[in-house]
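Any read-out appearing in this document is the output of simple, stated calculations on the displayed coordinates, not a laboratory observation. Fair warning: this is a prediction, and the values are worked out from it, not measured in the lab. Cβ placement follows ideal geometry from the backbone for every residue including glycine, while neighbour counts extend to all protein chains displayed.
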Amino acid sequence: MYRANDLKTELLNLWGWRQNYNTSDFTISESLAVSSTGQYYQEIHPLLTLHNIKAVAPEFEAIVYDAWAAGVQYRTGDRVAAGGKDYRAKSDSLGLSPETNPTEWERFDAFSLWLEEKTQGSIVKAIRSFWDTKMADKTAKNILQSKPLFDGAGRIGDLVPAGANLVGFEITPIRAKGVTTKIDRIGAQFTQAGEMTLYLMHSSRDAVLQTVTLTRTREGGMEWFTPQEDIFLPYMGADSDAGGSWYLVYNQNELPGTSQAVSKDKDWSRGPCGSCSRSERVNWSVWSKYLEIHPFKVSGVSDPLTMWDVADNLYDYNTNYGLNLQLTIQCDVTDLIVEQRLAFQNIIGLQVAVDMLREFAYNPSFNVRRETQNVSMQSILYELDGDSQGYKKSGLKYELDKALKAVSLDVTSLSRVCFPCDTRGVKYRTV
């Protein structure tokens, strides 16, 4: 497996989009023009110009955002116009002008965002093609497939005392690159129905990394929820440094009404009783090799939530604070791909070019610069797929297929846990 969002972020600037020479026409966001390798997509094919791409993009110029007003309460993600430019809110604010408050507002360019999403989509597509063609016989194995931390639920009379604490699980992954835990579902058992919020944090970051909202409809019983966004807990990733611990917590003050957590009678300091639940014992024997789970509470945490001093954690191994998790523990190649990113440069560049030219081919309004004549679908498809009647293969798609065959990633270098063979790294060969 691989973490697509991390790959989108880490591989975005292997190539860049070169800014227009005529900057008075239009420009793209500077982040898209960054190339860590000094190569740009426009070098792959002459049709890949920003003007041509804009010809097939939605007409963002027709979208007019409301002007910013000092008396309006703005929320994160809101979009406004100010001084002839568009801005997007980075946080909630009132009375803070976008033009003079860059910590609360950021310049927003709809075309650049669209182009970034298209580019990132092609990046993931390139990695997926590589994975499908090269790793079919070496796919990352599941160490544990979607199993709960414990079976059953707590007794309704065993309640966690009310308080003003931050409570939940400290989750410490094994120190092994390539092993990733995914939270498939979250179980919550509380005395009252209503909405509650869970926060995912990491000891290496100050801010909340992910927020999960659960809307409970049952009172007293265990209720399971599938997060809307994937929750990964890697040993090392784009949002976390190597090592450290993850924290999945909620604030007792934010529970609805007088709701209290129902506690599961379980000793987290050791394995479950073998005669109590055989399946739970089997699951624990697997996940405990790769994870440590420590229930804890901490008081005096600031609001809005920022990372606290973990030395203040008070651990209580006889409660679960009303929470249960259903986990999958897998080997993934995300970190290896990021480390060996240059091996994928050619694949990514050609995939972006192929996808964008195909967008040109199937957009009837596409035309060349200066709008002198339309470029026919047939001519673009010829550039993509070559001459279907000829004996010699050609076209960008053929070049992409050759690039996929020209690089082979040996997964034995992934980690000592997933593939404990000798490291041989990345191999190249001619085709």
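Would you mind checking Lys90/Lys125; Lys177/Lys289; Lys85/Lys118 for any pair whose Cα atoms are more than 18 angstrom apart?
Numbers: Lys90/Lys125 29 Å; Lys177/Lys289 14 Å; Lys85/Lys118 23 Å.
From the list (Lys90/Lys125; Lys177/Lys289; Lys85/Lys118), the Cα-Cα distance tops 18 Å for Lys90/Lys125; Lys85/Lys118.
Roughly what percent of Cα-Cα pairs across the stretch 64-129 reach past 20 Å? Each step should come with its number before you reach the end.
Working: 798 of 2145 pairs.
Here the tail beyond 20 Å accounts for 37 percent of pairs.
So who's got an amide H within less than 5 Å of the one on Asn320, skipping anything under 5 residues away but keeping other chains? H placed 1.01 Å off N, in plane.
Lys264
Which translational diffusion coefficient, to the nearest whole µm²/s, is obtained for the stretch 1-131 from the Stokes-Einstein equation, given a Kirkwood hydrodynamic radius over C-alpha pairs, 25 °C and 0.890 mPa s? If you can, show how the numbers build up before the last one.
Details: Rh = 16.7 Å.
D, rounded to a whole number, is 147 µm²/s.
Treating only the Cβ of Lys, Arg, Asp and Glu as charged (+1, +1, -1, -1), what charge dipole size does the chain show about its Cα centre? Round to the nearest 20 debye.
On the way: 45 positive and 53 negative charges, 340 e Å.
Charge dipole, the chain, about its Cα centre: 1640 debye, nearest 20.
If you average the alpha carbon positions of the stretch 57-96 and of the stretch 305-353, how far apart do those two centres end up, in angstrom?
About 33 Å separates the Cα centre of the stretch 57-96 from the one of the stretch 305-353.
Who wins for biggest fluctuation among Glu280, Glu104, Glu117 in a Gaussian network model of the chain, springs between alpha carbons below 10 Å?
Among Glu280, Glu104, Glu117, the largest GNM mean-square fluctuation belongs to Glu104.
Which residues make up the longest stretch of the chain clear of chymotrypsin sites (Phe, Trp or Tyr not before Pro) that lie in a DSSP loop with no more than 14 other Cβ atoms within 10 Å, not counting the sites? It would help to have the intermediate numbers written out before the result.
Numbers: sites that count: Tyr21, Tyr317, Tyr362, Tyr391.
The answer is 22-316.
Computed over the Cα atoms of the stretch 118-257, what is the ratio Rg over Rh, Rh following Kirkwood?
Taking Rh as the inverse mean 1/r over Cα pairs, Rg/Rh reads 1.03.
Taking 8 Å as the Cα distance limit and 6 or more residues as the minimum spacing, I'd like the relative contact order of the stretch 142-331 as a percentage.
42
Remind me, relative contact order of the stretch 1-152 in percent, using alpha carbon pairs under 8 angstrom and six or more residues apart? Mind showing how you got there, number by number?
Details: 161 pairs, mean separation 29.9, N = 152.
With pairs under 8 Å counted, the relative contact order is 20 percent.
Given Cα pairs under 8 Å that are at least 6 residues apart, what percent is the relative contact order of the chain? Show your work: numbers first, answer last.
On the way: 809 pairs, mean separation 85.2, N = 431.
That works out to 20 percent.
For a quick check, take a GNM of the chain with Cα springs below 10 Å and name the residue from Thr76, Thr213, Thr133 with the largest mean-square fluctuation.
Checking each option, the largest mean-square fluctuation is seen for Thr76.
Which one, Leu336, Asn253, Ala353, is farthest towards the positive end of the dipole of the chain when Lys and Arg carry +1 and Asp and Glu -1 on their Cβ?
Checked the options; the winner is Leu336.
If you wrap a convex hull around the C-alpha atoms of the chain and split its volume per residue, what is the figure in Å³? If you can, show how the numbers build up before the last one.
Working: hull volume 81.8 nm³, N = 431.
That works out to 190 Å³ per residue.
Once the dipole of the chain is set up with Lys and Arg at +1 and Asp and Glu at -1 on Cβ about the Cα centre, which of Ile44, Ser29, His202 lies farthest towards its positive end?
Sorting the options by dipole projection puts first Ile44.
Picking from Leu209, Leu336, Leu48, which is most flexible by a Gaussian network model of the chain using Cα springs under 10 Å?
Result for the chain, Cα springs under 10 Å: Leu209 fluctuates most.
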